[in-house]
1. Please list, by residue number, every one of the chymotrypsin sites (Phe, Trp or Tyr not before Pro) in the range 171-259 that is coil in DSSP and has at most 16 other beta-carbon atoms within 10 Å.
2. Can you list the GluC sites (Glu not before Pro) in the range 121-220 that are in a DSSP coil and have 14 or fewer other beta carbons within 10 angstrom?
3. I need the trypsin sites (Lys or Arg not before Pro) found in the range 127-185, filtered to DSSP loop residues with at most 12 other beta carbons within 10 Å of theirs.
4. Would you mind counting up the charge near A211? Only other residues with Cβ under 12 Å from its Cβ, with Lys and Arg at +1 and Asp and Glu at -1.
5. Determine the per residue accessible area of the chain with all protein chains present and a 1.4 angstrom probe, expressed in square angstrom.
6. How big is D, in µm² s⁻¹, for the chain by Stokes-Einstein at 25 °C and 0.890 mPa s if Rh is the Kirkwood radius over C-alpha pairs?
7. Please compute the modelled spin-label separation between S132 and E65, points set 7 Å along Cα→Cβ, answer in nm with one decimal.
8. Over its Cα atoms, what ratio of radius of gyration to 2.2 N^0.38 Å does the range 142-214 give?
Amino acid sequence: MKDIIKAILISVFVLATMLPFSCKVTEQGLVLVNTNDYKFPTLDSYYVTGEKSLRLVFSEKVSLENCSLTPAIAITDKIVQNSEYESGLCIYDIKFADNFIVGSDYSFFGKVTDRIGNSLTFSLPFTGFNASIPGLEITEIHPRYTSSKLKSGTVYKCEYVEILVTKGGNLAGLELYSANDGKDKAYKFPALEVQEGEIILLHLRTKGEGAVNELENDITLSTAKYSSPFARDLWETDDSARLGDTLDVILLRNTRDDSIIDAVCYASSTSEDWKNSEMSEAAIEAFSSGFWDSDSVEDAVKTDGLTATKSLYKKARENTAASWDLSKTSGETPGVLEFSH
């Protein structure tokens with residue numbers, strides 16, 4: 001998983017905050033350094049590079065000390081590269097004795113000191129590396145929500161996205177992102193092994209009873225509306241509105257390297273442009289990744305006539321608007337594909 005924290009300043013001590021000078025002790029005594037001309041190093045990025053390795057990239061040379069990992073895994077090597085051809089970046093590759101547990105949360109602790117003696121202790125969170133990324137394909141989208149009262153109680157028809165597993169692997173580090181919802185509401189998949197041919201039903205709102213996350217072998221536990229005994233039901237704990245009703249870009253993304261796994265763009269025929277810059281950028285991502293054939297709103301799946309009792313379903317394998325259609329009223333088919341695979 002790729003985690004980026006930009007512009008984390010390596011802070012200075014009190015003397016440097018009060019005066020335009022810092023100081024350091026050398027064999028010749030106390031030396032003053034004019035900090036007006038000095039750029040304090042920053043941590044440009046850090047990310048997991050393997051099943052038991054981590055990389056930290058600093059803007060300038062620093063000394064990295066007192067390193068540790070929680071939960072504890074011994075550090076076996078700490079390799080530093082001062083890369084002149086990359087604007088003098090200082091890169092640390094950290095090697096660990098054992099593999100990270102896929103999907104588990106870790107914190108890397110350390111202390112950095114810059115060349116004039118300023119130091120800072122820090123903690124960096126990351127998630128265990130997933131070397132087995134599955135292939136996923138979005139096959140149905142129910143973007144609108146409604147509820148109806150029956151004698152037996154209220155029935156909640158929540159938003160869902162149906163996903164076909166085209167290659168087995170682990171879901172750790174993957175997310176489903178709706179440009180309408182924004183990055184803060186992206187759904188983070190659990191560290192779960194899935195098999196080729198399996199269908200996942202991701203329900204994006206939890207209302208009522210029977211909404212059970214099927215994380216083990218039994219995929220018949222969930223009984224809420226739109227659950228399926230033929231699919232693995234996963235539920236977002238949020239109960240607020242999700243997905244754009246008639247306009248959105250949905251991305252399946254590997255958060256470790258921000259690569260796109262699949263994408264769908266949909267809009268009404270009257271939409272002249274995407275809703276905002278975030279949605280436009282998501283459409284560009286979908287197109288540039290090769291999982292959608294255009295970043296134009298005109299080439300999105302048409303949502304004219306879409307209601308809360310209809311869904312958008314994929315009827316062919318190509319990633320184009322022509323491969324999608326609108327279901328009949330009450331024609332949603334969660335857990336059942338509309339094409340052979």
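1. On the way: sites: Y177, Y187, Y226, F230, W235; in loops: Y226, F230.
The qualifying sites are F230.
2. Sites meeting the loop and neighbour criteria: E196, E209, E216.
3. On the way: sites: R144, K149, K151, K157, K167, K183, K185; in loops: R144, K151.
In loop regions of the range 127-185 (DSSP not H, G, I, E or B), the sparsely surrounded trypsin sites (Lys or Arg not before Pro) are K151.
4. Numbers: positive: R205, K207, K225; negative: E209, E214, D233, E236, D238, D239.
Net charge around A211: -3.
5. Values: 16560 Å² over 341 residues.
For the chain, the per-residue accessible area is 49 Å².
6. Details: Rh = 22.8 Å.
So the translational diffusion coefficient is about 108 µm²/s.
7. Simple spin-label model gives 4.2 nm for this pair.
8. Values: Rg = 14.4 Å, N = 73, 2.2 N^0.38 = 11.2 Å.
That works out to 1.28 for the range 142-214.
The values are calculated or read from the model by the stated rules, or taken from the named source; none is laboratory data. Note that this is a predicted model, so its numbers are computed, not measured. Methodologically, a virtual Cβ is constructed for each residue, glycine included, from the backbone with ideal geometry; neighbour enumeration extends over all protein chains shown. We work out accessible area using only protein heavy atoms, side chains counted, and drop any ligands, DNA or RNA first. Shrake-Rupley method; radii C 1.70, N 1.55, O 1.52, S 1.80 Å.
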